[in-house]
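To start, the structure under review is shown below, and the notes come after it.
The values are calculated or read from the model by the stated rules, or taken from the named source; none is laboratory data. Predicted model only: the values in this text are computed from it and were never measured. Neighbour counts run over all protein chains shown; Cβ positions are idealised from the backbone, glycine included. Only protein heavy atoms, including side chains, enter the accessible area calculation; ligands, DNA and RNA are left aside. Shrake-Rupley method; radii C 1.70, N 1.55, O 1.52, S 1.80 Å.
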Amino acid sequence: MKTIKIILLLIFISGFFTGCKKFLALDPLSNLSGNNFWRSKEDADAFTNGNYELLRKAVTREDLTLPAGNDEFPFFILGGDFRGAPIIRNTAWDRVYLDHIRQNDLRRFFAAQTSSDIYWRNIWNMERFSEWDRFYKVVSSANIAVENISKMTDASISEADKKRFIAENVFLRCFTYLLMVRQWGDVPYYTNAFQSDALARTPALEVLQNCVKDMDAVRNDLPWTYDNPVFVAVRAMKGSALDLLMHLNMWSAFFDKDNPQKYYEAAAKYGDELFTGNAGAYSLLPLTRTSEIFKGRSREGLFEIPQNKNYNESFGWSTYYDHVHKPYDNLASTVYPYIWYTKAYMEKLYPPSIADARKTYWYNEPTMYNENSSFYVLKFLISRSETDQNTKLFDASQTVFRYSEALLMYAEALAEIGNDEKAKEVLNVVRARAGASDITTGGEALKTDIFWERQRELMGEGHYWYDMVRTRRILTNEFGLKPSVEDFNSGAWTWPISRNAKINNPKMTLNTFWE
(Lines give C-alpha, C1' and ligand atoms only; values in the text may rest on other atoms or scores of the structure.)
Protein backbone atom coordinates (compact mmCIF):
# COMPACT_ATOMS: atom_id res chain seq x y z
CA MET A 1 0.00 0.00 0.00
CA LYS A 2 2.85 2.38 0.87
CA THR A 3 4.47 1.84 -2.56
CA ILE A 4 1.17 2.42 -4.35
CA LYS A 5 0.59 5.68 -2.48
CA ILE A 6 4.04 6.99 -3.25
CA ILE A 7 3.69 6.11 -6.93
CA LEU A 8 0.35 7.93 -7.01
CA LEU A 9 1.97 10.86 -5.24
CA LEU A 10 4.73 11.13 -7.81
CA ILE A 11 2.20 10.98 -10.63
CA PHE A 12 0.25 13.71 -8.88
CA ILE A 13 3.25 15.95 -8.36
CA SER A 14 4.57 15.58 -11.91
CA GLY A 15 1.23 15.89 -13.64
CA PHE A 16 -0.90 18.04 -11.40
CA PHE A 17 0.40 21.28 -12.86
CA THR A 18 0.88 20.21 -16.46
CA GLY A 19 -1.08 22.14 -19.01
CA CYS A 20 -2.28 24.89 -16.67
CA LYS A 21 -2.80 27.97 -18.78
CA LYS A 22 -2.89 30.25 -15.76
CA PHE A 23 0.58 30.49 -14.29
CA LEU A 24 -0.81 30.10 -10.75
CA ALA A 25 -3.78 27.93 -11.64
CA LEU A 26 -4.49 24.96 -9.41
CA ASP A 27 -7.65 22.91 -9.35
CA PRO A 28 -8.26 20.36 -6.57
CA LEU A 29 -8.67 17.49 -9.01
CA SER A 30 -6.64 14.80 -7.26
CA ASN A 31 -7.97 12.67 -4.44
CA LEU A 32 -4.47 12.95 -2.97
CA SER A 33 -5.52 16.36 -1.67
CA GLY A 34 -8.60 14.90 0.05
CA ASN A 35 -9.52 12.33 2.66
CA ASN A 36 -8.30 9.39 0.60
CA PHE A 37 -4.70 10.43 1.03
CA TRP A 38 -4.18 12.60 4.12
CA ARG A 39 -4.63 9.86 6.69
CA SER A 40 -1.26 8.83 8.14
CA LYS A 41 2.18 10.08 9.06
CA GLU A 42 3.39 8.12 6.06
CA ASP A 43 1.20 10.24 3.78
CA ALA A 44 2.45 13.52 5.22
CA ASP A 45 6.06 12.37 4.98
CA ALA A 46 5.69 11.17 1.37
CA PHE A 47 4.04 14.41 0.24
CA THR A 48 6.69 16.52 1.99
CA ASN A 49 9.46 14.48 0.36
CA GLY A 50 7.78 15.11 -2.96
CA ASN A 51 7.93 18.85 -2.32
CA TYR A 52 11.68 18.71 -1.76
CA GLU A 53 11.87 16.94 -5.12
CA LEU A 54 9.84 19.74 -6.72
CA LEU A 55 12.40 22.22 -5.41
CA ARG A 56 15.21 20.12 -6.80
CA LYS A 57 13.53 20.11 -10.21
CA ALA A 58 13.02 23.87 -10.06
CA VAL A 59 16.74 24.61 -9.70
CA THR A 60 18.48 21.65 -11.37
CA ARG A 61 17.65 19.09 -14.02
CA GLU A 62 13.95 18.36 -14.32
CA ASP A 63 14.00 15.04 -16.17
CA LEU A 64 16.58 12.68 -14.69
CA THR A 65 15.74 10.04 -17.30
CA LEU A 66 17.52 12.11 -19.95
CA PRO A 67 21.30 11.86 -20.23
CA ALA A 68 23.48 14.74 -19.06
CA GLY A 69 23.50 17.50 -21.64
CA ASN A 70 19.83 17.20 -22.53
CA ASP A 71 18.03 18.69 -19.54
CA GLU A 72 20.49 21.09 -17.93
CA PHE A 73 19.66 24.14 -15.83
CA PRO A 74 22.67 25.87 -14.20
CA PHE A 75 20.57 28.01 -11.84
CA PHE A 76 23.19 28.48 -9.13
CA ILE A 77 26.33 28.66 -11.24
CA LEU A 78 25.15 31.10 -13.94
CA GLY A 79 22.71 33.09 -11.83
CA GLY A 80 24.77 33.21 -8.65
CA ASP A 81 28.44 32.62 -9.45
CA PHE A 82 29.19 33.87 -12.97
CA ARG A 83 26.73 36.72 -13.50
CA GLY A 84 28.74 39.94 -13.55
CA ALA A 85 31.75 38.09 -12.17
CA PRO A 86 35.47 38.70 -12.93
CA ILE A 87 35.82 35.54 -14.98
CA ILE A 88 37.65 34.93 -18.25
CA ARG A 89 36.35 32.42 -20.77
CA ASN A 90 38.71 29.78 -22.06
CA THR A 91 38.55 30.48 -25.79
CA ALA A 92 39.37 26.86 -26.51
CA TRP A 93 35.63 26.49 -26.11
CA ASP A 94 33.01 28.53 -27.90
CA ARG A 95 31.00 28.95 -24.71
CA VAL A 96 29.91 32.49 -25.52
CA TYR A 97 27.10 32.37 -22.97
CA LEU A 98 29.83 32.91 -20.37
CA ASP A 99 30.63 36.27 -21.95
CA HIS A 100 26.95 37.23 -22.01
CA ILE A 101 26.36 36.36 -18.36
CA ARG A 102 29.62 38.00 -17.24
CA GLN A 103 28.63 41.22 -19.01
CA ASN A 104 25.02 41.00 -17.76
CA ASP A 105 23.98 41.02 -21.41
CA LEU A 106 20.78 39.09 -20.81
CA ARG A 107 19.18 40.20 -24.06
CA ARG A 108 21.92 38.40 -25.97
CA PHE A 109 21.79 35.57 -23.43
CA PHE A 110 18.17 34.88 -24.36
CA ALA A 111 18.03 36.05 -27.98
CA ALA A 112 20.44 33.52 -29.46
CA GLN A 113 21.87 34.91 -32.69
CA THR A 114 24.76 32.65 -33.66
CA SER A 115 24.89 28.89 -34.00
CA SER A 116 26.95 28.74 -30.80
CA ASP A 117 24.42 30.90 -28.95
CA ILE A 118 21.60 28.65 -30.12
CA TYR A 119 23.46 25.49 -29.16
CA TRP A 120 24.18 26.63 -25.59
CA ARG A 121 20.76 28.20 -25.13
CA ASN A 122 19.24 24.80 -25.87
CA ILE A 123 21.74 22.86 -23.74
CA TRP A 124 21.15 25.07 -20.70
CA ASN A 125 17.40 25.58 -21.22
CA MET A 126 18.09 29.27 -20.71
CA GLU A 127 14.45 30.28 -21.03
CA ARG A 128 13.96 28.79 -17.57
CA PHE A 129 15.78 31.79 -16.08
CA SER A 130 12.75 33.87 -17.08
CA GLU A 131 10.08 31.36 -16.04
CA TRP A 132 8.71 30.98 -12.56
CA ASP A 133 6.18 28.18 -13.07
CA ARG A 134 8.43 25.54 -11.50
CA PHE A 135 8.92 27.71 -8.43
CA TYR A 136 5.18 28.16 -8.07
CA LYS A 137 4.76 24.40 -8.20
CA VAL A 138 6.82 24.27 -4.99
CA VAL A 139 4.81 27.10 -3.42
CA SER A 140 1.45 25.62 -4.39
CA SER A 141 2.29 22.12 -3.27
CA ALA A 142 3.72 23.37 0.02
CA ASN A 143 0.49 25.31 0.59
CA ILE A 144 -1.52 22.13 -0.01
CA ALA A 145 0.66 20.26 2.49
CA VAL A 146 0.30 22.93 5.18
CA GLU A 147 -3.49 22.99 4.89
CA ASN A 148 -4.02 19.25 4.80
CA ILE A 149 -1.47 18.23 7.43
CA SER A 150 -2.97 20.74 9.87
CA LYS A 151 -6.33 18.90 9.56
CA MET A 152 -4.97 15.39 10.06
CA THR A 153 -6.36 13.46 13.05
CA ASP A 154 -5.00 9.95 12.49
CA ALA A 155 -3.38 8.39 15.55
CA SER A 156 -0.26 7.52 13.54
CA ILE A 157 0.83 11.16 13.44
CA SER A 158 1.63 13.04 16.63
CA GLU A 159 1.15 16.76 17.13
CA ALA A 160 4.93 17.18 17.14
CA ASP A 161 5.21 15.40 13.79
CA LYS A 162 2.40 17.49 12.32
CA LYS A 163 4.13 20.68 13.44
CA ARG A 164 7.44 19.52 11.98
CA PHE A 165 5.96 18.63 8.61
CA ILE A 166 4.12 21.96 8.49
CA ALA A 167 7.32 23.82 9.39
CA GLU A 168 9.24 21.98 6.66
CA ASN A 169 6.69 23.01 4.07
CA VAL A 170 6.63 26.59 5.32
CA PHE A 171 10.42 26.57 4.96
CA LEU A 172 10.16 25.29 1.38
CA ARG A 173 7.57 27.95 0.54
CA CYS A 174 9.55 30.80 2.10
CA PHE A 175 12.86 29.66 0.65
CA THR A 176 11.26 29.49 -2.80
CA TYR A 177 9.88 33.01 -2.42
CA LEU A 178 13.39 34.20 -1.47
CA LEU A 179 14.77 32.64 -4.65
CA MET A 180 12.09 34.32 -6.75
CA VAL A 181 12.51 37.74 -5.14
CA ARG A 182 16.27 37.59 -5.74
CA GLN A 183 15.52 36.64 -9.33
CA TRP A 184 12.72 38.98 -10.32
CA GLY A 185 12.03 41.43 -7.49
CA ASP A 186 8.24 41.78 -7.03
CA VAL A 187 6.41 38.47 -7.47
CA PRO A 188 2.82 37.26 -6.89
CA TYR A 189 2.39 36.05 -3.32
CA TYR A 190 -0.18 33.67 -1.88
CA THR A 191 -0.42 30.98 0.78
CA ASN A 192 -3.87 29.48 0.22
CA ALA A 193 -3.91 25.89 -0.89
CA PHE A 194 -5.70 26.24 -4.22
CA GLN A 195 -5.04 29.55 -5.94
CA SER A 196 -6.79 30.09 -9.27
CA ASP A 197 -7.54 33.81 -9.41
CA ALA A 198 -5.15 36.03 -11.33
CA LEU A 199 -2.75 37.90 -9.08
CA ALA A 200 -0.66 41.00 -9.55
CA ARG A 201 2.95 41.13 -8.41
CA THR A 202 3.33 41.80 -4.70
CA PRO A 203 6.05 44.27 -3.60
CA ALA A 204 9.20 42.32 -2.78
CA LEU A 205 9.50 43.76 0.72
CA GLU A 206 5.97 42.63 1.54
CA VAL A 207 6.71 39.14 0.24
CA LEU A 208 9.87 38.88 2.34
CA GLN A 209 8.27 40.16 5.53
CA ASN A 210 5.28 37.84 5.10
CA CYS A 211 7.79 35.01 4.89
CA VAL A 212 9.58 36.25 8.01
CA LYS A 213 6.30 36.19 9.91
CA ASP A 214 5.38 32.70 8.68
CA MET A 215 8.84 31.18 9.21
CA ASP A 216 9.29 32.76 12.63
CA ALA A 217 5.99 31.28 13.79
CA VAL A 218 7.08 27.67 13.11
CA ARG A 219 10.89 27.67 13.36
CA ASN A 220 10.85 26.12 16.84
CA ASP A 221 8.89 23.16 15.48
CA LEU A 222 11.98 22.06 13.54
CA PRO A 223 14.78 20.05 15.19
CA TRP A 224 18.31 21.38 15.41
CA THR A 225 19.32 18.24 13.54
CA TYR A 226 18.09 14.72 12.80
CA ASP A 227 19.05 11.40 14.35
CA ASN A 228 18.80 9.85 10.90
CA PRO A 229 21.89 11.10 8.97
CA VAL A 230 20.00 10.73 5.68
CA PHE A 231 17.88 13.75 6.63
CA VAL A 232 20.68 16.02 7.87
CA ALA A 233 20.78 19.30 5.88
CA VAL A 234 18.64 17.92 3.04
CA ARG A 235 15.47 18.38 5.06
CA ALA A 236 14.83 21.66 6.84
CA MET A 237 16.30 22.02 10.33
CA LYS A 238 16.07 24.85 12.82
CA GLY A 239 19.44 26.10 11.60
CA SER A 240 18.08 26.14 8.03
CA ALA A 241 15.17 28.29 9.20
CA LEU A 242 17.36 30.71 11.15
CA ASP A 243 19.72 31.22 8.21
CA LEU A 244 16.74 31.72 5.92
CA LEU A 245 15.33 34.30 8.34
CA MET A 246 18.64 36.16 8.21
CA HIS A 247 18.57 36.20 4.41
CA LEU A 248 14.95 37.35 4.35
CA ASN A 249 15.80 40.27 6.63
CA MET A 250 19.04 41.23 4.91
CA TRP A 251 17.20 41.36 1.59
CA SER A 252 14.44 43.35 3.26
CA ALA A 253 17.10 45.92 4.16
CA PHE A 254 18.01 46.07 0.47
CA PHE A 255 14.45 46.83 -0.59
CA ASP A 256 13.77 49.22 2.30
CA LYS A 257 17.05 51.07 1.92
CA ASP A 258 15.85 54.15 3.83
CA ASN A 259 14.94 52.10 6.93
CA PRO A 260 17.37 49.16 7.05
CA GLN A 261 18.29 49.05 10.74
CA LYS A 262 15.28 47.10 12.00
CA TYR A 263 16.03 44.34 9.52
CA TYR A 264 19.70 44.21 10.49
CA GLU A 265 18.65 43.97 14.14
CA ALA A 266 16.27 41.11 13.35
CA ALA A 267 18.94 39.27 11.34
CA ALA A 268 21.42 39.67 14.21
CA LYS A 269 18.85 38.24 16.63
CA TYR A 270 18.40 35.11 14.52
CA GLY A 271 22.15 34.82 14.02
CA ASP A 272 22.73 34.98 17.75
CA GLU A 273 20.26 32.17 18.32
CA LEU A 274 21.99 30.07 15.69
CA PHE A 275 25.49 30.81 16.99
CA THR A 276 24.84 30.41 20.71
CA GLY A 277 21.90 28.05 20.92
CA ASN A 278 22.50 25.15 18.54
CA ALA A 279 23.95 22.91 21.32
CA GLY A 280 26.70 21.58 19.08
CA ALA A 281 24.37 20.53 16.27
CA TYR A 282 26.50 22.49 13.78
CA SER A 283 30.22 23.08 13.53
CA LEU A 284 32.90 24.06 11.05
CA LEU A 285 34.72 20.99 9.79
CA PRO A 286 38.51 21.17 9.42
CA LEU A 287 39.58 22.05 5.89
CA THR A 288 41.25 18.64 5.71
CA ARG A 289 37.67 17.31 5.59
CA THR A 290 36.53 19.63 2.81
CA SER A 291 35.26 16.72 0.73
CA GLU A 292 32.82 15.83 3.52
CA ILE A 293 31.39 19.35 3.52
CA PHE A 294 30.50 19.28 -0.15
CA LYS A 295 29.63 15.62 -0.31
CA GLY A 296 26.83 16.69 1.99
CA ARG A 297 24.91 15.84 5.15
CA SER A 298 27.75 17.01 7.39
CA ARG A 299 27.55 19.01 10.61
CA GLU A 300 28.46 22.08 8.61
CA GLY A 301 25.48 21.75 6.30
CA LEU A 302 22.34 23.78 6.99
CA PHE A 303 20.46 23.22 3.74
CA GLU A 304 21.51 21.52 0.52
CA ILE A 305 20.08 19.73 -2.49
CA PRO A 306 21.47 16.19 -2.67
CA GLN A 307 22.66 14.15 -5.60
CA ASN A 308 22.65 10.39 -5.14
CA LYS A 309 24.23 8.25 -7.82
CA ASN A 310 22.45 5.15 -6.46
CA TYR A 311 19.23 6.72 -7.74
CA ASN A 312 20.89 7.77 -10.99
CA GLU A 313 20.63 11.41 -9.92
CA SER A 314 22.95 13.81 -11.70
CA PHE A 315 23.16 17.56 -11.82
CA GLY A 316 24.79 16.95 -15.19
CA TRP A 317 26.93 19.69 -16.68
CA SER A 318 25.18 22.34 -14.59
CA THR A 319 27.68 22.53 -11.75
CA TYR A 320 30.35 25.00 -10.77
CA TYR A 321 32.73 22.07 -10.42
CA ASP A 322 32.23 21.12 -14.05
CA HIS A 323 33.37 24.57 -15.19
CA VAL A 324 36.44 25.11 -13.02
CA HIS A 325 37.99 21.71 -12.35
CA LYS A 326 40.91 20.20 -14.22
CA PRO A 327 40.05 16.55 -14.89
CA TYR A 328 42.51 14.33 -13.14
CA ASP A 329 42.49 11.87 -16.00
CA ASN A 330 43.86 14.53 -18.36
CA LEU A 331 46.06 17.00 -16.49
CA ALA A 332 47.91 18.14 -19.61
CA SER A 333 44.73 19.37 -21.30
CA THR A 334 44.53 23.02 -22.32
CA VAL A 335 40.77 23.00 -23.00
CA TYR A 336 39.91 22.75 -19.29
CA PRO A 337 38.81 24.50 -17.21
CA TYR A 338 36.13 26.46 -19.06
CA ILE A 339 36.83 29.65 -17.10
CA TRP A 340 39.35 31.21 -14.77
CA TYR A 341 39.17 34.26 -12.56
CA THR A 342 41.21 37.38 -13.13
CA LYS A 343 44.54 37.61 -11.36
CA ALA A 344 43.56 40.92 -9.74
CA TYR A 345 40.45 39.40 -8.20
CA MET A 346 42.21 36.28 -6.93
CA GLU A 347 44.97 38.37 -5.39
CA LYS A 348 42.32 40.48 -3.67
CA LEU A 349 40.74 37.36 -2.22
CA TYR A 350 43.99 35.66 -1.32
CA PRO A 351 46.97 38.01 -1.15
CA PRO A 352 49.98 35.79 -1.98
CA SER A 353 51.92 36.87 1.10
CA ILE A 354 49.12 36.21 3.61
CA ALA A 355 48.63 32.73 5.06
CA ASP A 356 45.28 31.07 4.38
CA ALA A 357 44.83 27.29 4.28
CA ARG A 358 41.98 27.61 1.79
CA LYS A 359 44.64 28.32 -0.82
CA THR A 360 46.05 24.86 -0.17
CA TYR A 361 42.88 22.85 0.17
CA TRP A 362 40.55 24.62 -2.25
CA TYR A 363 42.89 25.53 -5.11
CA ASN A 364 46.01 24.38 -6.86
CA GLU A 365 48.01 27.01 -5.03
CA PRO A 366 50.96 27.35 -7.45
CA THR A 367 48.60 28.24 -10.33
CA MET A 368 45.62 29.89 -8.62
CA TYR A 369 46.59 33.36 -9.87
CA ASN A 370 47.19 32.28 -13.47
CA GLU A 371 44.92 33.55 -16.22
CA ASN A 372 45.20 30.38 -18.27
CA SER A 373 44.23 26.72 -18.28
CA SER A 374 46.55 25.91 -15.39
CA PHE A 375 43.99 27.52 -13.05
CA TYR A 376 41.60 25.11 -11.40
CA VAL A 377 39.61 24.64 -8.22
CA LEU A 378 39.78 21.66 -5.87
CA LYS A 379 37.10 22.87 -3.47
CA PHE A 380 34.31 20.67 -4.77
CA LEU A 381 36.41 17.67 -5.69
CA ILE A 382 34.90 14.84 -3.67
CA SER A 383 37.93 12.62 -4.21
CA ARG A 384 41.01 12.90 -6.37
CA SER A 385 40.35 9.32 -7.44
CA GLU A 386 36.64 9.93 -8.03
CA THR A 387 36.51 9.34 -11.77
CA ASP A 388 32.72 9.43 -11.60
CA GLN A 389 32.93 13.17 -11.02
CA ASN A 390 34.15 13.55 -14.57
CA THR A 391 31.16 11.56 -15.81
CA LYS A 392 28.75 13.70 -13.73
CA LEU A 393 27.38 10.76 -11.72
CA PHE A 394 28.60 10.96 -8.14
CA ASP A 395 27.35 11.49 -4.60
CA ALA A 396 27.42 15.14 -3.61
CA SER A 397 25.17 18.03 -2.72
CA GLN A 398 24.44 21.46 -4.14
CA THR A 399 25.29 23.53 -1.09
CA VAL A 400 22.72 26.26 -0.43
CA PHE A 401 23.27 27.25 3.23
CA ARG A 402 26.11 26.08 5.45
CA TYR A 403 27.30 27.10 8.89
CA SER A 404 30.22 29.28 7.78
CA GLU A 405 27.92 31.18 5.41
CA ALA A 406 25.43 31.74 8.23
CA LEU A 407 28.18 32.97 10.58
CA LEU A 408 29.34 35.50 8.01
CA MET A 409 25.77 36.72 7.46
CA TYR A 410 25.46 37.07 11.24
CA ALA A 411 28.74 39.00 11.39
CA GLU A 412 27.51 41.31 8.62
CA ALA A 413 24.29 42.05 10.51
CA LEU A 414 26.24 42.74 13.71
CA ALA A 415 28.55 45.17 11.92
CA GLU A 416 25.56 46.97 10.40
CA ILE A 417 24.09 47.62 13.86
CA GLY A 418 27.45 48.79 15.20
CA ASN A 419 28.35 45.76 17.34
CA ASP A 420 31.86 45.59 15.92
CA GLU A 421 33.43 43.52 18.69
CA LYS A 422 30.90 40.71 18.39
CA ALA A 423 31.05 40.93 14.58
CA LYS A 424 34.83 40.43 14.67
CA GLU A 425 34.48 37.52 17.09
CA VAL A 426 32.11 35.71 14.72
CA LEU A 427 34.06 36.63 11.59
CA ASN A 428 37.28 35.36 13.10
CA VAL A 429 35.74 31.98 13.88
CA VAL A 430 35.57 31.42 10.12
CA ARG A 431 39.06 32.80 9.56
CA ALA A 432 40.52 30.68 12.36
CA ARG A 433 39.30 27.53 10.60
CA ALA A 434 41.38 28.65 7.61
CA GLY A 435 44.44 29.44 9.70
CA ALA A 436 44.09 33.09 8.68
CA SER A 437 44.93 36.01 10.94
CA ASP A 438 42.22 37.80 12.91
CA ILE A 439 40.50 40.84 11.46
CA THR A 440 40.92 43.85 13.77
CA THR A 441 39.26 46.66 11.83
CA GLY A 442 36.04 48.47 12.71
CA GLY A 443 33.32 50.60 11.19
CA GLU A 444 33.06 50.66 7.38
CA ALA A 445 36.39 48.87 7.02
CA LEU A 446 35.02 45.93 9.02
CA LYS A 447 31.90 45.77 6.84
CA THR A 448 34.18 45.62 3.80
CA ASP A 449 36.29 42.88 5.39
CA ILE A 450 33.19 40.80 6.09
CA PHE A 451 32.01 41.24 2.51
CA TRP A 452 35.34 40.00 1.17
CA GLU A 453 35.34 37.10 3.58
CA ARG A 454 32.02 35.99 2.12
CA GLN A 455 33.55 36.25 -1.36
CA ARG A 456 36.53 34.23 -0.21
CA GLU A 457 34.65 31.56 1.69
CA LEU A 458 31.67 31.06 -0.63
CA MET A 459 33.13 31.08 -4.14
CA GLY A 460 31.24 28.56 -6.25
CA GLU A 461 28.27 28.27 -3.88
CA GLY A 462 25.92 30.63 -5.71
CA HIS A 463 26.27 33.78 -3.56
CA TYR A 464 28.52 36.13 -5.57
CA TRP A 465 25.91 38.01 -7.61
CA TYR A 466 23.32 38.15 -4.85
CA ASP A 467 25.82 39.52 -2.31
CA MET A 468 27.02 42.11 -4.81
CA VAL A 469 23.44 43.22 -5.47
CA ARG A 470 22.14 43.03 -1.90
CA THR A 471 24.99 45.15 -0.52
CA ARG A 472 24.96 47.43 -3.59
CA ARG A 473 28.72 46.95 -3.86
CA ILE A 474 28.13 46.12 -7.50
CA LEU A 475 27.84 49.90 -8.01
CA THR A 476 31.44 50.45 -6.89
CA ASN A 477 32.81 47.16 -8.19
CA GLU A 478 36.48 47.33 -9.23
CA PHE A 479 36.88 43.79 -10.52
CA GLY A 480 33.87 42.95 -12.68
CA LEU A 481 30.63 44.39 -13.91
CA LYS A 482 29.71 47.88 -12.63
CA PRO A 483 26.28 48.99 -13.89
CA SER A 484 25.21 52.60 -13.73
CA VAL A 485 23.07 53.65 -10.77
CA GLU A 486 20.26 54.44 -13.21
CA ASP A 487 20.35 50.97 -14.79
CA PHE A 488 20.62 49.27 -11.42
CA ASN A 489 17.64 51.15 -10.01
CA SER A 490 15.69 50.41 -13.19
CA GLY A 491 16.07 46.67 -12.70
CA ALA A 492 19.34 45.68 -14.39
CA TRP A 493 20.00 43.37 -11.43
CA THR A 494 16.83 41.34 -12.09
CA TRP A 495 16.06 38.72 -14.71
CA PRO A 496 13.46 39.16 -17.44
CA ILE A 497 10.05 37.62 -16.78
CA SER A 498 8.65 35.39 -19.48
CA ARG A 499 5.73 36.82 -21.43
CA ASN A 500 3.94 33.56 -20.64
CA ALA A 501 3.30 35.03 -17.19
CA LYS A 502 0.77 37.37 -18.80
CA ILE A 503 -1.34 34.59 -20.31
CA ASN A 504 -4.84 34.84 -18.85
CA ASN A 505 -3.58 37.32 -16.28
CA PRO A 506 -4.45 40.96 -17.04
CA LYS A 507 -2.90 42.03 -13.71
CA MET A 508 0.59 40.86 -14.62
CA THR A 509 3.46 43.21 -15.45
CA LEU A 510 6.98 42.34 -16.62
CA ASN A 511 10.41 43.68 -15.70
CA THR A 512 10.48 46.63 -18.06
CA PHE A 513 14.28 47.11 -18.01
CA TRP A 514 14.62 43.99 -20.16
CA GLU A 515 11.71 44.65 -22.49
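Miscellaneous remarks
- When residue 454 is tested against (1) within 19 Å of residue 268 (Cβ to Cβ); (2) loosely packed, with under 14 Cβ neighbours inside 10 Å, only condition (2) is not met.
- Candidate set from the range 45-56 (those that are within 24 Å of residue 132 (Cβ to Cβ) and in contact (Cβ under 8 Å) with a residue 60 or more places away in the chain); member that is most open to solvent (accessible area, probe 1.4 Å): 52
- Matching residues, the range 354-370, being assigned to a loop (DSSP other than H, G, I, E, B) and modelled with pLDDT under 95: 364
- Some residue of the range 141-151 being closer than 25 Å to residue 464 by Cβ and either in contact with a Leu (Cβ under 9 Å, 6 or more places away or on another chain) or modelled with pLDDT under 95 (or both): no
- Given (1) in a helix (DSSP H, G or I); (2) touching a strand residue (DSSP E or B) at 6+ places or on another chain (Cβ under 6 Å), number of the condition residue 454 does not satisfy: (2)
- Restricting the range 284-334 to residues that are among the aliphatic types (A, V, I, L, M) and out of contact with any Pro (no Cβ under 6 Å at 6 or more places or on another chain), the residue that is nearest to residue 92 (Cα to Cα): 332
- Residues satisfying the stated conditions in the range 191-208, i.e. part of a loop (DSSP other than H, G, I, E, B), surrounded by 15 or more Cβ atoms within 10 Å (Cβ to Cβ) and either in contact with a Lys or Arg (Cβ under 6 Å, 6 or more places away or on another chain) or among the hydroxyl-bearing types (Ser, Thr, Tyr) (or both): 191, 198
- Candidate set from the range 240-289 (those that are farther than 16 Å from residue 426 by Cβ, in a loop (DSSP other than H, G, I, E, B) and open to solvent by 20 Å² or more (accessible area, probe 1.4 Å)); member that is modelled with the lowest pLDDT: 279
- All conditions but one from (1) touching a helix residue (DSSP H, G or I) at 6+ places or on another chain (Cβ under 9 Å); (2) free of Cβ contacts under 8 Å to residues at least 40 places away in the same chain; (3) more than 30 Å from residue 165 (Cβ to Cβ) apply to residue 81; the one that does not is (2).
- All positions within the range 112-136 that are part of a helix (DSSP H, G or I), closer than 22 Å to residue 182 by Cα and either open to solvent by less than 40 Å² (accessible area, probe 1.4 Å) or in contact with a strand residue (DSSP E or B) (Cβ under 7 Å, 6 or more places away or on another chain) (or both): 124, 126, 128, 129, 130, 135, 136
- For the range 57-84, a tally of residues being part of a helix (DSSP H, G or I) and open to solvent by less than 10 Å² (accessible area, probe 1.4 Å) returns 9.
- Flag if residue 293 is among the β-branched types (Val, Ile, Thr) and part of a helix (DSSP H, G or I): yes
- Boolean, residue 488 is outside any helix (DSSP H, G or I), out of contact with any Gly (no Cβ under 8 Å at 6 or more places or on another chain), of a type outside the set (Val, Ile, Thr) and open to solvent by less than 50 Å² (accessible area, probe 1.4 Å): no
- Any hit, the range 339-346, residues being modelled with pLDDT under 90, in a loop (DSSP other than H, G, I, E, B) and of a type in the set (Val, Ile, Thr): no
- The listed residue being without any contact (Cβ under 8 Å) to a residue 60 or more places away in the chain and either of a type in the set (A, V, I, L, M, F, W, C) or open to solvent by less than 60 Å² (accessible area, probe 1.4 Å) (or both), out of 211, 174: 211
- Close pairs from the range 330-342: first farther than 16 Å from residue 77 by Cβ, partner modelled with pLDDT of 85 or more and in a loop (DSSP other than H, G, I, E, B), Cβ under 6 Å, at least 6 apart: 334/373; 335/92; 342/86
- Conditions (1) in contact with a helix residue (DSSP H, G or I) (Cβ under 6 Å, 6 or more places away or on another chain); (2) in contact (Cβ under 8 Å) with a residue 40 or more places away in the chain; (3) under 23 Å from residue 501 (Cβ atoms); number of the one not met by residue 60: (1)
- Answer residue from the range 391-429, given it is part of a helix (DSSP H, G or I) and of a type in the set (Gly, Ala, Ser) and is surrounded by the fewest Cβ atoms within 10 Å (Cβ to Cβ) among those: 404
- The residues on offer are 319, 342, and the sole one that is polar (S, T, N, Q) and crowded, with 23+ Cβ neighbours inside 10 Å is 319.
- Qualifying residues in the range 32-44 (those that are at pLDDT 95 or above and either farther than 21 Å from residue 161 by Cα or touching a Phe, Trp or Tyr at 6+ places or on another chain (Cβ under 7 Å) (or both)) - the one surrounded by the most Cβ atoms within 10 Å (Cβ to Cβ): 44
- The residue of the range 329-338 that is least open to solvent (accessible area, probe 1.4 Å), among those that are modelled with pLDDT under 85 and not hydroxyl-bearing (Ser, Thr, Tyr), is 330.
- Which listed residue is without any contact (Cβ under 8 Å) to a residue 12 or more places away in the chain and open to solvent by less than 20 Å² (accessible area, probe 1.4 Å), from 359, 326: 359
- Every residue from the range 430-445 that is touching a Ser or Thr at 6+ places or on another chain (Cβ under 9 Å) and in a helix (DSSP H, G or I): 430, 431, 433
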